[in-house]
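Notes to accompany the following structure.
Read the figures in this text as sums done on the coordinates, not as results from a lab. These figures come from a predicted structure and were not determined experimentally. We place every Cβ from the backbone using ideal geometry, glycine too, and count neighbours over all the protein chains shown.
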Amino acid sequence: MNCAATEDAAMPTETLVAIIGVVGVAVGALLTHFTGMRQKNIDVALAVEMASKQVYGQMAAERDRQRQQKIEEAYGHLNEWLYELEEQLVHVWFGMTDGAAPATLTRAQHIIDQWPWESLRPPRKSAATQFYWSPAVWDLLRKFDGASSEFYTNANIGLKFNAGKMEGDDTAVQQYRSIVWPTRRQLLRIIKDIREQVREEMLDYWSAPLKRSIWPPVP
């Protein structure tokens, strides 16, 4: 009787061990499942992050391409304007020379008459891209504008003397030529300096992509 009772009492312990074993297997399976899910979530998160970086990289590349296009357009307009100013300076000087033809005098006088109102104003087509011109370029343009005052005043009087519209002899014409010549050369040097400044900026822009953030963004 006592042995039977002992065996009966041992049964619950074996059952408990079996149950614990089953629970252990179940817990292990659950842990494996959740670990797999966690790894899967990490993989998904990494994939999303990589895709986002790729999209942002493509957007940055497109913004950079648009900025490049705008900068090239802006400085293209500036170069066209500088060429026109250079050409006008040449024609004004032609009007100051001895024996200038009436047509040459008329053209030179027309340029001078329009100089403060038209020639010194940036072309209208550059209005949308002028803010891409660097501060250094604007400083040189202001320098050009300041130096133009003396050129304009003396060329205007000298042309009138040369055309016979003001009383004076050859000495007066020569006097104004001696003033206009160096101021004209000064203006041409400033134009050269502007071109050199633009060239340096563009070379720096292309050789150092990390510095491109100093340029204004595309609106």
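If only the Cβ of Lys and Arg carry +1 and only the Cβ of Asp and Glu carry -1, the dipole of segment 71-214 around its Cα centre is close to 160 debye. A viscosity of 1.567 mPa s and a temperature of 4 °C, combined with the Kirkwood radius over C-alpha pairs in the Stokes-Einstein formula, give segment 71-214 a diffusion coefficient of 79 µm²/s.
Of the peptides 176-182, 149-155, the order by per-residue mean of other Cβ atoms within 10 Å, starting with the highest, comes out as 149-155, 176-182.
Can you give the FRET efficiency to the nearest 0.05 for residue 121 and residue 171, using r as the Cβ-Cβ distance and R₀ = 25 Å?
Working: r = 35 Å, r/R0 = 1.42.
Rounded to the nearest 0.05, the efficiency is 0.10.
Considering only alpha-carbon pairs that sit under 8 angstrom and 6 or more positions apart, the relative contact order computed for segment 71-214 is 28 percent.
Suppose R0 equals 22 Å. What FRET efficiency, 1/(1 + (r/R0)^6) with r the Cβ-Cβ distance, do residue 63 and residue 200 give to the nearest 0.05?
Values: r = 24 Å, r/R0 = 1.07.
So, using R0 = 22 Å, E works out to roughly 0.40.
Net length available on complete extension from residue 106 to residue 136 is 7.2 nm, with 0.36 nm assigned per residue and the Cα-Cα distance removed.
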